[in-house]
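Here's the structure, in structure tokens; my notes come after.
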Amino acid sequence: MDQKMFCYQCQETAGCKGCTVVGVCGKQPDVAAMQDLLVWVTKGISAVTTRLREEGRAVADEVNHLVTENLFTTITNANFDKAAIEKRIEKTLEMKTALWEQLERRDNLPEAAGWTGEPSEFIKKASEAGVLIGQNEDIISLRSLITYGLKGLSAYTRHANVLLQEDREADAFLQRALAATLDDGLSVDDLIHLTLETGKYGVRGMALLDRANTETYGNPEITTVDIGVGSNPGILVSGHDLRDMEMLLEQTQGTGVDVYTHSEMLPAQYYPAFKKYPNFKGNYGNAWWRQKEEFEMFNGPILMTTNCIVPPKDSYKDRLYTTGAAGYPGCTYINGGIGGKKDFSVIIQHAKRCEPPTGIEQGQIVGGFAHAQVLALADKVVDAVKSGKIRKFVVMAGCDGRAKSRIYYTDFAKALPEDTVILTAGCAKYRYNKLNLGDIEGIPRVLDAGQCNDSYSLAVIAMKLQEIFGLDDINDLPIIYNIAWYEQKAVIVLLALLSLGIKNIHLGPTLPAFLSPNVVNVLVEKFGIAGIDSVESDVELFFGEK
């Protein structure tokens, strides 16, 4: 069969090689083509802004925001709306043309910097602008690794931007690194260096977002979250954007409509600022990939604030709303830019016409163990480690997904020795956060730091423990890293951990398809990166016991 597209940016890519007919995520070839072109023209405008900075010119925040939202739009399961993506391409070309006129020197810039094609040329140019540009598989692999890491970084900085936090140095790096992926003069060693630099800025981007979230909404605190339902009609909020959640909660006061979290929005329950809203109910459902069944049962409207969208069933498609970087054709899009207020009245009115949610489970889950909360328990944690009651921490952060092989993470959590504590962030936690794993001296054996956006907390906790125990090497801590990945935010988290010097990370359920054998060898030799095996063999590897 002829190759209609090529995409290998997520863990579930077909055959762990690449989607060539239609995306496993549901992305159609024409949408994939426009996403490829959007990334390419974004690299082009980044080459122009990088040259402008070299010439001593300032680059407006509006341009920085365009670049990050462009990349965010192409993250797995974020936007399936071809028309919306084409509009972003046109806007980028228009802005690039204006910036191009400001350049003093236009020599030695990549083709993407000067390309000004019309919409009628988009399809043809997209066929030339995919990820497999070049002949050397290691160069292609490293360019992909950097680009996907930058997509993850863009997500973090975008969330910080909507909370009016900026890091213009990080924006300048992101654009310089994007432009560098079009530079045929860079060697494998150059790109390896740039990969690690991307990780360094990943730490910086996560710290920016952590500051934006906590200064706006307070530090997450230990919270017991109900997973049942109430008797009022409800709105279900998924994705990651806390500002969208805040605006929706403000606008639903006194309406008789309850608001529930779903998947990666669960950690909104942990922030003090949101607890003042009486209609802020519990968490409904599980990880993103189960939404087809769960959204149908919810009965009311669903707001997708970011990824992760699964192409909806017709039975609830009219109840699915999108905003920000998210989009799906045929679903209502809620407009609103940085610093502005979004009008959610159409969703609220829709909710009033719906039946209350159908309950799918009962009980409670406990979370809110971001770095400030864990460090408040530092003395208790240290005493438990020193007394031998806690032997090791196991970082099981990252993403969940549909693959049956991911049952490994549930079985692994069950098989862990009872003197271990899981540190988690991201939707990977849904594989084990409803298990009854107990506690150690009052410390729950699953400490949920929050979203994948909150993975910074895990790094802060590790660095603080290193300081407390007086260790020269962070790898001497009693911490094991067994991380699940799915999309590009997990890529930037991995690069961030590597930039901090953390080694021997196990990554699963498969290694990324975009890593060539030679690049894998570099990661193995330099950082001890490894995959996963069976639960039994991995428990024996990590703990020396069966």
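Could you check the range 132-172 and list, in sequence order, the residues that are among the hydrophobic types (A, V, I, L, M, F, W, C) and under 19 Å from the mean Cα position of the chain (by Cα)? Lay out the reasoning, then the answer.
Pass one, the range 132-172, residues among the hydrophobic types (A, V, I, L, M, F, W, C): 132-133, 139-140, 142, 145-146, 150, 153, 155, 160, 162-164, 170, 172.
Scanning the range 132-172 gives L145, I146, L150, L153, A155, A160, V162, L163, A170.
Out of Y316, Y333, report the one residue that is out of contact with any helix residue (DSSP H, G or I) (no Cβ under 7 Å at 6 or more places or on another chain) and outside any loop (DSSP other than H, G, I, E, B). Explain how you work it out, then say what you get.
Details: Y316 fails: out of contact with any helix residue (DSSP H, G or I) (no Cβ under 7 Å at 6 or more places or on another chain).
Being out of contact with any helix residue (DSSP H, G or I) (no Cβ under 7 Å at 6 or more places or on another chain) and outside any loop (DSSP other than H, G, I, E, B) holds for just one of Y316, Y333, which is Y333.
All but one of (1) out of contact with any strand residue (DSSP E or B) (no Cβ under 6 Å at 6 or more places or on another chain); (2) closer than 22 Å to F369 by Cβ; (3) buried (at least 17 other Cβ atoms within 10 Å of the Cβ) hold for P272, so report the exception by its number.
Just one mismatch for P272, condition (3).
Which ones in the range 496-507 are crowded, with 19+ Cβ neighbours inside 10 Å and out of contact with any strand residue (DSSP E or B) (no Cβ under 6 Å at 6 or more places or on another chain)?
The answer is A496, L497, L498, S499, I502.
Of a type in the set (D, E, K, R), under 18 Å from V259 (Cβ atoms) and over 23 Å from the mean Cα position of the chain (by Cα): does that describe R391?
Against the criterion (of a type in the set (D, E, K, R), under 18 Å from V259 (Cβ atoms) and over 23 Å from the mean Cα position of the chain (by Cα)), R391 does not qualify.
Just the residues that are within 25 Å of V539 (Cβ to Cβ) and not aliphatic (A, V, I, L, M), please, taken from the range 368-401.
F369, K386, S387, G388, K389, R391, K392, F393, G398, C399, D400, G401
Please verify whether R106 is basic (K, R) and surrounded by fewer than 18 Cβ atoms within 10 Å (Cβ to Cβ), treating the condition exactly as stated. Outline the logic, then answer.
Values: basic (K, R): yes; surrounded by fewer than 18 Cβ atoms within 10 Å (Cβ to Cβ): yes.
Yes: the conditions hold for R106.
On the basis of being polar (S, T, N, Q) and surrounded by 24 or more Cβ atoms within 10 Å (Cβ to Cβ), does T306 make the cut?
yes
If I filter the range 500-511 for residues that are assigned to a helix (DSSP H, G or I) and either farther than 19 Å from V535 by Cβ or touching a residue at least 40 places away in the same chain (Cβ under 8 Å) (or both), do I get at least one hit?
no
Could you please give the count of residues in the range 390-420 that are of a type in the set (A, V, I, L, M), without any contact (Cβ under 8 Å) to a residue 40 or more places away in the chain and either surrounded by fewer than 23 Cβ atoms within 10 Å (Cβ to Cβ) or on the phi > 0 side of the Ramachandran plot (or both)?
Step one: filter the range 390-420 for residues of a type in the set (A, V, I, L, M), giving 390, 394-397, 403, 407, 413, 415-416.
If we keep only those that are without any contact (Cβ under 8 Å) to a residue 40 or more places away in the chain as well, we get 407, 413.
Okay, now just the ones that are also either surrounded by fewer than 23 Cβ atoms within 10 Å (Cβ to Cβ) or on the phi > 0 side of the Ramachandran plot (or both), so 407.
Residues flagged as of a type in the set (A, V, I, L, M), without any contact (Cβ under 8 Å) to a residue 40 or more places away in the chain and either surrounded by fewer than 23 Cβ atoms within 10 Å (Cβ to Cβ) or on the phi > 0 side of the Ramachandran plot (or both) within the range 390-420 amount to 1.
Can you report the number of residues in the range 363-378 which are farther than 21 Å from K434 by Cβ and part of a loop (DSSP other than H, G, I, E, B)?
1
Determine, yes or no, whether P357 is surrounded by 16 or more Cβ atoms within 10 Å (Cβ to Cβ), outside the structural domain of E296 (by TED's automatic domain parsing), in a loop (DSSP other than H, G, I, E, B) and not aliphatic (A, V, I, L, M). Working first, answer last.
Numbers: surrounded by 16 or more Cβ atoms within 10 Å (Cβ to Cβ): yes; outside the structural domain of E296 (by TED's automatic domain parsing): yes; in a loop (DSSP other than H, G, I, E, B): yes; not aliphatic (A, V, I, L, M): yes.
Yes, satisfied.
Restricting attention to the range 51-88, report how many residues are of a type in the set (A, V, I, L, M, F, W, C) and not in a loop (DSSP other than H, G, I, E, B).
Number satisfying all stated conditions: 9.
Residue-wise test of (1) outside any helix (DSSP H, G or I); (2) of a type in the set (A, V, I, L, M, F, W, C).
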| residue | (1), (2) |
| --- | --- |
| S120 | no, no |
| E128 | yes, no |
| V131 | yes, yes |
| L150 | no, yes |
| R158 | no, no |
| L174 | no, yes |
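Inspect the range 207-217 for any residue being in the same structural domain as G339 (by TED's automatic domain parsing), farther than 16 Å from G367 by Cα and in contact with a Ser or Thr (Cβ under 8 Å, 6 or more places away or on another chain) and give the result as yes or no.
no
Tell me yes or no: at least one residue of the range 129-144 is hydroxyl-bearing (S, T, Y), crowded, with 19+ Cβ neighbours inside 10 Å and under 14 Å from L182 (Cα atoms).
For the range 129-144, residues hydroxyl-bearing (S, T, Y), crowded, with 19+ Cβ neighbours inside 10 Å and under 14 Å from L182 (Cα atoms): present.
Pairs only if they're at least six apart or on different chains, beta carbon under 6 angstrom, first in the range 424-451 and modelled with pLDDT under 95, second surrounded by fewer than 17 Cβ atoms within 10 Å (Cβ to Cβ); list them, first residue then second.
E441/K389
Yes or no, residue by residue, for (1) of a type in the set (S, T, N, Q); (2) surrounded by fewer than 16 Cβ atoms within 10 Å (Cβ to Cβ); (3) modelled with pLDDT under 95:
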residue: L178; (1), (2), (3): no, no, no
residue: S187; (1), (2), (3): yes, yes, no
residue: H193; (1), (2), (3): no, yes, no
residue: R204; (1), (2), (3): no, no, no
residue: L208; (1), (2), (3): no, no, no
residue: A212; (1), (2), (3): no, no, no
residue: E215; (1), (2), (3): no, yes, no
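Considering only residues of the range 217-241 that are among the aliphatic types (A, V, I, L, M) and buried (at least 24 other Cβ atoms within 10 Å of the Cβ), which is nearest to I348 (Cα to Cα)? Working first, answer last.
Our first condition is that a residue be among the aliphatic types (A, V, I, L, M); within the range 217-241, this holds for 222, 225, 227, 229, 235-237.
Retained after the next criterion (residues that are buried (at least 24 other Cβ atoms within 10 Å of the Cβ)): 235-237.
On the way: I235: 8, L236: 11, V237: 12 Å.
Ranking the candidates gives I235 first.
Can you pull out the residues in the range 469-483 that are among the aliphatic types (A, V, I, L, M) and closer than 16 Å to Y456 by Cα?
Selection gives I474, I479, I483.
Can you give me the number of residues within the range 323-335 that are touching a residue at least 60 places away in the same chain (Cβ under 8 Å) and either closer than 24 Å to V63 by Cβ or under 20 Å from the mean Cα position of the chain (by Cα) (or both)? Even if it seems obvious, please write down each step before you answer.
As a first pass, look at the range 323-335 and keep what is touching a residue at least 60 places away in the same chain (Cβ under 8 Å): 323-329, 333.
The next check asks that each one be either closer than 24 Å to V63 by Cβ or under 20 Å from the mean Cα position of the chain (by Cα) (or both); those that pass are 323-328, 333.
Matching residues across the range 323-335 total 7.
Would you please name the residue that is surrounded by the most Cβ atoms within 10 Å (Cβ to Cβ), looking only at residues in the range 421-465 that are under 21 Å from F542 (Cβ atoms) and touching a Cys at 6+ places or on another chain (Cβ under 8 Å)?
Applying the filter and picking the extreme gives G426.
Yes or no, residue by residue, for (1) over 16 Å from the mean Cα position of the chain (by Cα); (2) aromatic (F, W, Y):
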site	(1), (2)
A425	no, no
L435	yes, no
C452	no, no
L458	no, no
M463	yes, no
I480	yes, no
W485	no, yes
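The values are calculated or read from the model by the stated rules, or taken from the named source; none is laboratory data. Here the structure is a predicted model, which is why all the values come from computation and not from measurement. Ideal geometry is used to build each Cβ from the backbone, glycine not excepted, and the neighbour counts take in all protein chains shown.
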